[in-house]
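Each remark here refers to the structure printed beneath this line.
The values are calculated or read from the model by the stated rules, or taken from the named source; none is laboratory data. Keep in mind that what you see is a predicted model, and the values were worked out from it rather than measured. Every residue, glycine as well, gets a Cβ built from its backbone with ideal geometry; the counts of neighbours run over all protein chains shown. Each accessible area value is taken on the protein alone, full model and side chains, heavy atoms only, with ligands, DNA and RNA left out. Shrake-Rupley method; radii C 1.70, N 1.55, O 1.52, S 1.80 Å.
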Amino acid sequence: MKRYFLLATGITLGTFASAQPALKLIEQKEVARIEKTLSADDMEGRAIFSRGIDKAADFIAAEFKKADLQTVAGADNYLQVFYQLKPEFRSGSATVNGQALDEKKWMLITSEPQVSINERSGYEIAKIPAGAEFFREAYKFVGSGKNMLVLVDPGFAANFPRLGNFKRSMMESKSNTLFLLLGEAPETFSVEATHDIKKERLQNVVGMIPGKSKKDEFVIFSGHYDHLGIGKPVNGDSIYNGANDDAAGTTAVIMLSKYFSRLKNNERTIIFAAFTGEESGGFGARYFSQQFDPAKVVAMFNIEMIGTDSKWGKNSAYITGYEKTDMGKILEKNLKGSVFTFYPDPYPEQQLFYRSDNATLARLGVPAHTISTSKMDSEKYYHTVDDEFETLDMKNMTEIIKAIAISSASIVAGKDTPSRVDASDLRR
Ligand SMILES: [Zn+2]
């Protein structure tokens, strides 16, 4: 009986056997040390723009160094720094066909303090016609990376001032978007504007192990290391430690980096990313996704909240957006013969696929899923000050990290390539 079983699952066990010594590296004691450090009170709940989150970033970078990861192309360390900007309008004027244009009829989205534009500036012209989905279209133009002049149908006059919301928090960008509330393209126009640009620093932590043969094909393991920070005290505790959300996923990313670094047999390049700004709009993942061609990413394992037992009990987790690619089936296949089971997300009504950093890459077509154990209908400490180290099951979490490692084996080895997400099918 046993012999037959071995033959039937020979391939899986073969992968297993060669990975076995390195799997030991995913050790509960080490998992607990990292998890405890990231969720300690002195990390202050890792809110963006805090001292605590910078401390967490330095800790993750130090662990990446211990794992002997390389930095990504062109970077001299693991910190991927970028800026969130808050441009505040100071003064400006506009003319159209030689006539002054009312202040309520133009809006410039820019990250430059001084801008001067006219019809000879080479701006690409686009329209938001009557009946269009106004904000969705506007968002597309602002994010296009091109200098654009967008003519907005005068029927949108009431919504027009709300375009200013784009300035509340934006990423550094070399392109400008000028919206004019005009039905027709002007023959001549000019706009001068001055903004105060407030700059705030953010950083992802990113490292990699180059692939042996398929260097240009990337497999990403990610988790977000930011959390909610310090809030109003509840029973004397004001720190949102985010031990499960998502120090747990970050811990997994670090442990996986150590594991794959020891194996050093990955044919594809593996990228390890700890994202910032997930809890405040996914800025970290967005910046990260703009640093390379998404077509080169063959799979993304985003890891969120794996510190508690899933609804099926130990040694099991779920995959969000399961039906959107065949990646889940590949992971299941790789787990055959092990004690682990991955299931499709049992909380589809919660739209979890769209609620974490995987969505940023999925929208670009990347097979990007989140793996989690969190009981989203009853997770007691979710987004409370009690999401602390003591509430997590370190043994099970260690096993789940092993399961993720095993499940990814054939993808990392370049043998399986998940189907792509049909991005046209996704909401913005
Ligand atoms: Zn989270």
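Where the accessible area of the chain is counted over protein heavy atoms with a 1.4 Å probe, how much of it, in %, is carbon and sulfur?
Ligands and nucleic acids excluded, carbon and sulfur reach 51 percent.
By its C-alpha gyration tensor, with a ≥ b ≥ c as the square roots of the eigenvalues, how is the chain shaped: rounded for a/c under 1.5, else prolate for a/b larger than b/c, else oblate? Show your work: numbers first, answer last.
Details: a/c = 2.23, a/b = 1.84, b/c = 1.21.
Since a/c reaches 1.5 and a/b is larger than b/c, the shape of the chain is classed as prolate.
Note down the accessible area of Tyr322, probe 1.4 Å, to the nearest 10 Å².
The accessible area of Tyr322 comes to roughly 30 Å².
Between Ala423 and Lys215, what is the spin-label point distance in nm, taking each point 7 Å from the Cα along the Cα→C-beta axis?
2.5
If contacts are Cα pairs under 8 angstrom and at least 6 residues apart, what is the relative contact order of the chain in percent? Provide the component values of the computation, followed by the final result.
Numbers: 900 pairs, mean separation 84.8, N = 428.
Computed over the chain, the figure is 20 percent.
Can you tell me how segment 233-378 classifies by the Cα gyration tensor, rounded, prolate or oblate, using a/c under 1.5 as the rounded cut? Provide the component values of the computation, followed by the final result.
Details: a/c = 1.38, a/b = 1.16, b/c = 1.19.
In terms of gyration-tensor shape, rounded.
Which of these, Asn396, Asn204, Asn235, has the largest mean-square fluctuation under a Gaussian network model of the chain (Cα springs below 10 Å)?
Most flexible of the set in this elastic network: Asn235.
For Gln80, which sequence-distant residues (separation of 5 or more, or a different chain) have an amide H within less than 5 Å of its own amide H, given hydrogens modelled in the peptide plane?
Answer set, sorted by chain and number: Asn204, Val205, Val206.
Give me the accessible area per residue for the chain, probe 1.4 Å, as a whole number in Å².
With all protein chains present, the chain gives 45 Å² per residue.
For Ala132 and Arg33, FRET efficiency with R0 = 51 Å and r from the beta-carbon atoms, rounded to 0.05?
On the way: r = 53 Å, r/R0 = 1.05.
That gives a FRET efficiency of 0.45.
If you filter segment 155-232 for trypsin sites (Lys or Arg not before Pro), then keep DSSP loop positions with at most 16 other Cβ within 10 Å, what is left? Mind dumping the intermediate values first?
Numbers: sites: Arg162, Lys167, Arg168, Lys174, Lys198, Lys199, Arg201, Lys212, Lys214, Lys215; in loops: Arg168, Lys174, Lys212.
For trypsin sites (Lys or Arg not before Pro) across segment 155-232 that sit outside H, G, I, E and B with at most 16 neighbouring Cβ atoms in 10 Å, the list reads Arg168, Lys174, Lys212.
Using a Förster radius of 22 Å, what is the FRET efficiency between Ser169 and Ala295 based on their Cβ-Cβ separation? Nearest 0.05, please. Provide the component values of the computation, followed by the final result.
Numbers: r = 28 Å, r/R0 = 1.28.
Efficiency, from the Cβ-Cβ distance: 0.20.
With each pseudo-label sitting 7 Å past Cα toward Cβ, what's the Thr95-Lys24 distance in nm, one decimal?
Distance between the two pseudo-spin positions: 8.0 nm.
For segment 338-425, which trypsin sites (Lys or Arg not before Pro) pass both filters: DSSP loop (anything but H, G, I, E, B) and at most 14 other C-beta atoms within 10 Å?
Within segment 338-425, the qualifying trypsin sites (Lys or Arg not before Pro) (loop, at most 14 other Cβ atoms within 10 Å) are Lys380, Lys415.
May I ask which residue of Phe272, Ser173, Asn235 lies farthest towards the positive end of the charge dipole of segment 172-290, with charges of +1 (Lys, Arg) and -1 (Asp, Glu) on Cβ and the Cα centre as origin?
Phe272
May I ask what percent, to the nearest 5, of DSSP beta bridges between residues of segment 91-234 are antiparallel?
Numbers: 17 of 26 bridges.
Of the beta bridges lying entirely in segment 91-234, close to 65 percent run antiparallel.
Hey, got the dipole for the chain? About the Cα centre, +1 on K and R Cβ, -1 on D and E Cβ, debye to the nearest 20? Display every interim value, and only then the final one.
Working: 53 positive and 55 negative charges, 266 e Å.
Roughly 1280 debye, rounded to the nearest 20.
Classify segment 51-176: rounded, prolate or oblate, from the alpha-carbon gyration tensor (a ≥ b ≥ c, eigenvalue square roots; a/c under 1.5 rounded; otherwise prolate if a/b is larger than b/c)?
On the way: a/c = 2.63, a/b = 2.51, b/c = 1.05.
Because a/c hits 1.5 or more and a/b exceeds b/c, segment 51-176 counts as prolate.
Of Ala368, Thr308, Tyr382, which is farthest along the charge dipole of segment 293-395 in the positive direction, counting Lys and Arg as +1 and Asp and Glu as -1 at C-beta?
In segment 293-395, that residue is Ala368.
For the pairs Lys29/Lys66; Lys214/Lys264; Lys65/Lys212; Lys66/Lys415; Lys66/Lys174; Lys167/Lys296, flag any whose C-alpha to C-alpha distance is greater than 25 Å. Mind dumping the intermediate values first?
Working: Lys29/Lys66 16 Å; Lys214/Lys264 13 Å; Lys65/Lys212 20 Å; Lys66/Lys415 29 Å; Lys66/Lys174 36 Å; Lys167/Lys296 31 Å.
Listed pairs above 25 Å: Lys66/Lys415; Lys66/Lys174; Lys167/Lys296.
Label-point separation (nm) for Arg355 and Tyr139, each offset 7 Å from Cα along Cα-to-Cβ?
1.8
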